[in-house]
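I have a structure I would like to understand better, so I am pasting it below and will then ask my questions one at a time.
The values are calculated or read from the model by the stated rules, or taken from the named source; none is laboratory data. Here the structure is a predicted model, which means the values were calculated and not measured. Here the Cβ is made from the backbone with ideal geometry for all residues, glycine too, and neighbour counts use every protein chain on show.
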Amino acid sequence: MPRDGQKHLQSLRDGREIFLDGVALKNHVDHPAFRQSILASATLYDYQSQPENAERMTFASPKTGERVNRMWQLPSCYSELVERRKALESWAELSCGFFGRSPDHVASAISGMYMGMDLFRNHGDRYARALSDYYEYARDNDLYLTYAIVNPQADRSKSAGEQSDAYVVAGVVDEDHEGITIKGGKMLATGCPMANELMVASIQPLKPGEEKYSFTAMVPLNAKGVKLLSRRSYELAAGSRFDNPLSSSFDENDCILYFDEVKVPWERVFVHNDVHMATAQWHEIPTHAYQNYQCQIRLTVKMRFLLGLARKICEANGILGFPPIKETLGQMAAEVSMVEGMVESMEISGYQYGNYFVPNSKRLYAANVLTQQLYPKFTHMLRELAGGGMIMLPSSASDYDNPELAGYIEKTQYSPVMGALNRVKLFKLAWDAVGSEFGSRHLQYEMFYSGANMVTRGHSFRAYDWDKTVGMVDRMMASYDLPVADVKTDKMQCTLPELKG
């Protein structure tokens, strides 16, 4: 049987050092700041372990024959890529797309690295062997991985090696025959309370002289010296699932990490002391394509959910038949269809990379750029459709405990198509999705998870086939010149450009 929820929960009771509200938590799994979200992460594994879902969600490990999640599958053709996507899509639907760092995200990155094994062999046999062994270990144990690959903002006018403290950014402070020792900080370790291990790396470019920051290593979250500094828990502030149905269940949390001289053995180090390799591991092999392809699959599910919310709100308010409302919903539906089409386009126009099949990077980076702009626009349109309905709601589920007040709620939350209780549930759900602190965090997350706008647009610039587009311009320009008079006819001559392709 594949890993189930109970095995996952047990694996998290590992004594990791996570801080919240000034206190080091002794049992984060059962703490009210994380409990429900961790249980929600366990449902992912319960879902894959159900017999009726086994074929869609899992495949047989080539090494053990045991069933493991398709997030570890290495597609060799288009149909296998689609097969893998359908599994990831099913998982995303369990959280309506609100688990941004579900287990399949970093698993996709590790899988992309494995596909580029030759790059790691060139870096050193020891690193290639470490990557290969770790991929098999994580796959066969169906681990929940996250990563911390962004530097603390600190002084953003300076690079990692130019900060006032050499270890503001996590770097190698020592090494010996056993491994490397890491000291310093990394940020945006999303999902740390529910993950088993994390990748520590640098996705931001490094320059010669900054070799100590150019490492990639896998670290258990309970390793000695790993400090998890949690942000505010939206789950803890949620109150009840009725009042905050999303933040009470899917607050995956984000942590700043501090590595207080953490020892990492060589068998868990993939990159070391090479600033070129620190960048190449993302962009010269399928790593970046696979991790961002997973993001677009998840975002597609999330946008479908928001579109469903928008239509249901219009139905609840009796305005679905209004032409301007149909126009707005039609625009939103077209944009969801665009994202769906771009995911399908990445697949159908993918390419063979050795033994593996990889999504089309040009289509992928176009989707990254456009969805960064689309998500804020989409949530704004949802707000416009909802109007004051997301604000004028009962203060909490406790209002229903007062029979007199419950009667007034019944009268003031009228809808022509649903009962007052369902109307309240719908609008509280909508507010949690886009208006609550949880919703605001998701807006920020979707705008920046794949990098700042200039970064994603840079990827799109780098991946595009400029030779084809500029070639059209060059051929057109070559087809004409300054006009020359025909002496016999005294007329100007012109020719059409030769049509190619």
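Could we say that residue 408 is assigned by TED's automatic domain parsing to the domain that holds residue 312, of a type in the set (Phe, Trp, Tyr) and more than 18 Å from residue 303 (Cβ to Cβ) here? It would help to see each step written out before you state the result.
Working: assigned by TED's automatic domain parsing to the domain that holds residue 312: yes; of a type in the set (Phe, Trp, Tyr): yes; more than 18 Å from residue 303 (Cβ to Cβ): yes.
Answer is yes for this residue.
I need the helices (runs of 4 or more DSSP H) fully contained in region 428-488, keeping only those with at least 3 residues that are closer than 30 Å to residue 251 by Cβ and in contact with a helix residue (DSSP H, G or I) (Cβ under 9 Å, 6 or more places away or on another chain). Lay out the reasoning, then the answer.
Numbers: elements: 437-448, 453-463, 466-478.
It comes to 437-448, 453-463.
Please go through region 130-154 and give me each residue that is touching a helix residue (DSSP H, G or I) at 6+ places or on another chain (Cβ under 8 Å) and of a type in the set (D, E, K, R), ordered by number. Outline the logic, then answer.
Filtering region 130-154 for residues touching a helix residue (DSSP H, G or I) at 6+ places or on another chain (Cβ under 8 Å) gives 130-135, 138-139, 142-147, 151.
Once the filter is applied, which keeps residues that are touching a helix residue (DSSP H, G or I) at 6+ places or on another chain (Cβ under 8 Å) and of a type in the set (D, E, K, R), region 130-154 yields 133, 139, 142.
Yes or no: region 329-343 includes at least one residue that is out of contact with any helix residue (DSSP H, G or I) (no Cβ under 9 Å at 6 or more places or on another chain), free of Cβ contacts under 8 Å to residues at least 12 places away in the same chain and more than 23 Å from residue 89 (Cα to Cα).
Filtering region 329-343 down to residues out of contact with any helix residue (DSSP H, G or I) (no Cβ under 9 Å at 6 or more places or on another chain) leaves 330, 334, 337, 341.
Among the residues that remain, those that are also free of Cβ contacts under 8 Å to residues at least 12 places away in the same chain are: 330, 334, 337, 341.
Now narrow it down to the ones that are more than 23 Å from residue 89 (Cα to Cα): 330.
Scanning region 329-343 turns up at least one residue that is out of contact with any helix residue (DSSP H, G or I) (no Cβ under 9 Å at 6 or more places or on another chain), free of Cβ contacts under 8 Å to residues at least 12 places away in the same chain and more than 23 Å from residue 89 (Cα to Cα).
Could you list, in sequence order, all residues of region 204-237 that are buried (at least 19 other Cβ atoms within 10 Å of the Cβ) and either modelled with pLDDT under 95 or of a type in the set (Ser, Thr, Tyr) (or both)?
Of everything in region 204-237, those that are buried (at least 19 other Cβ atoms within 10 Å of the Cβ) and either modelled with pLDDT under 95 or of a type in the set (Ser, Thr, Tyr) (or both) turn out to be 213, 214, 216, 230, 233, 234.
I'm told residue 395 meets every condition in (1) of a type in the set (Ser, Thr, Tyr); (2) surrounded by fewer than 12 Cβ atoms within 10 Å (Cβ to Cβ); (3) part of a helix (DSSP H, G or I) except one. Can you identify the failing condition by its number?
Result: residue 395 passes all but (3).
The rows are residues; the columns are (1) touching a His at 6+ places or on another chain (Cβ under 7 Å); (2) farther than 29 Å from residue 459 by Cβ; (3) among the small types (Gly, Ala, Ser); (4) crowded, with 19+ Cβ neighbours inside 10 Å.
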site	(1), (2), (3), (4)
137	no, yes, no, no
145	no, no, no, yes
155	no, no, no, no
174	no, yes, no, no
177	no, yes, no, no
185	no, no, yes, yes
199	no, no, no, yes
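Looking at residue 112 and the list (1) farther than 19 Å from residue 204 by Cα; (2) part of a helix (DSSP H, G or I); (3) in contact with a Ser or Thr (Cβ under 7 Å, 6 or more places away or on another chain), which single condition is not satisfied?
Looking at each condition in turn, residue 112 falls short on (1).
Those residues that are within 24 Å of residue 295 (Cβ to Cβ) and part of a strand (DSSP E or B), I need them from region 32-87; list them, please.
58, 59, 68, 69
Turning to a different aspect of this structure: Against the definition (touching a residue at least 60 places away in the same chain (Cβ under 8 Å) and within 30 Å of residue 118 (Cα to Cα)), how does residue 318 come out, yes or no? Break it down stepwise before answering.
Details: touching a residue at least 60 places away in the same chain (Cβ under 8 Å): yes; within 30 Å of residue 118 (Cα to Cα): no.
For residue 318, the condition - touching a residue at least 60 places away in the same chain (Cβ under 8 Å) and within 30 Å of residue 118 (Cα to Cα) - is not met.
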